[in-house]
1. Enter the angle in degrees (range 0 to 90, nearest 10) between the Cα long axis of helix 47-62 and the first principal axis of the Cα atoms of the chain, meaning the one along which they spread out most.
2. Please give the net charge around D18, taking every other residue with its beta carbon less than 12 angstrom from that of D18, where Lys and Arg add +1 and Asp and Glu add -1.
3. Between D19 and F60, what is the FRET efficiency for a Förster distance of 30 Å, r being their Cβ-Cβ separation, to the nearest 0.05?
4. Scan around L25 for amide H atoms under 5 Å from its own, H built in the peptide plane at 1.01 Å from N, and keep only partners 5 or more places away or cross-chain.
5. Please report, as a whole percent, how much of the solvent-accessible surface of the chain comes from carbon and sulfur atoms (probe radius 1.4 Å).
6. With N residues in the chain, what two-decimal value do you get for its Cα radius of gyration over 2.2 N^0.38 Å?
7. What percent does the relative contact order of the chain come to when contacts are Cα pairs within less than 8 Å and at least six residues apart?
8. Out of the trypsin sites (Lys or Arg not before Pro) in segment 1-44, which ones are loop residues according to DSSP with at most 16 other C-beta atoms within 10 Å?
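The values are calculated or read from the model by the stated rules, or taken from the named source; none is laboratory data. Keep in mind that this is a model prediction, so the values were computed, not measured. So basically every Cβ, Gly included, is an ideal-geometry build from the backbone, and we count neighbours across all protein chains shown. Accessible surface is based on the protein model in full, side chains and every heavy atom, while ligands, DNA and RNA are left aside. Shrake-Rupley method; radii C 1.70, N 1.55, O 1.52, S 1.80 Å.
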Amino acid sequence: MKCTGTIPRMATKTIITDDLDGSELPEGTVETVLALDGRLYRWHLSPSNRKKLDGVLAPFIEGARTSQR
């Protein structure tokens, strides 16, 4: 067998997990992003954890003004 100098590549799969509970999320899951006090926070969240976050933030978001940077 002659060595050609190329290394076969193995298939890779990226697994995205929920940053709170570690559950596996489907491919294409989008980050949840929140800016607060000049800091940007990012999470990968399952639909149920995103719903919990939305519920907690709802009264604050309803009373807030929106702004674009």
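1. Roughly 30 degrees, rounded to the nearest 10.
2. Numbers: positive: R50, K52; negative: D19, D21, E24, E31.
Local net charge: -2.
3. On the way: r = 21 Å, r/R0 = 0.69.
Taking R0 as 30 Å, the efficiency between D19 and F60 is 0.90.
4. Under 5 Å from the amide H of L25 lie the amide H atoms of I16, T17, D18, each far enough along the sequence or on another chain.
5. Working: 3750 of 6730 Å².
Roughly 56 percent of what the probe reaches on the chain is carbon or sulfur.
6. Values: Rg = 20.0 Å, N = 69, 2.2 N^0.38 = 11.0 Å.
Relative to the rule-of-thumb radius for its length, the chain sits at 1.82.
7. On the way: 47 pairs, mean separation 14.9, N = 69.
With pairs under 8 Å counted, the relative contact order is 22 percent.
8. Numbers: sites: K2, R9, K13, R39, R42; in loops: K2, R9, K13.
Sparse-neighbourhood loop trypsin sites (Lys or Arg not before Pro): K2, R9, K13.
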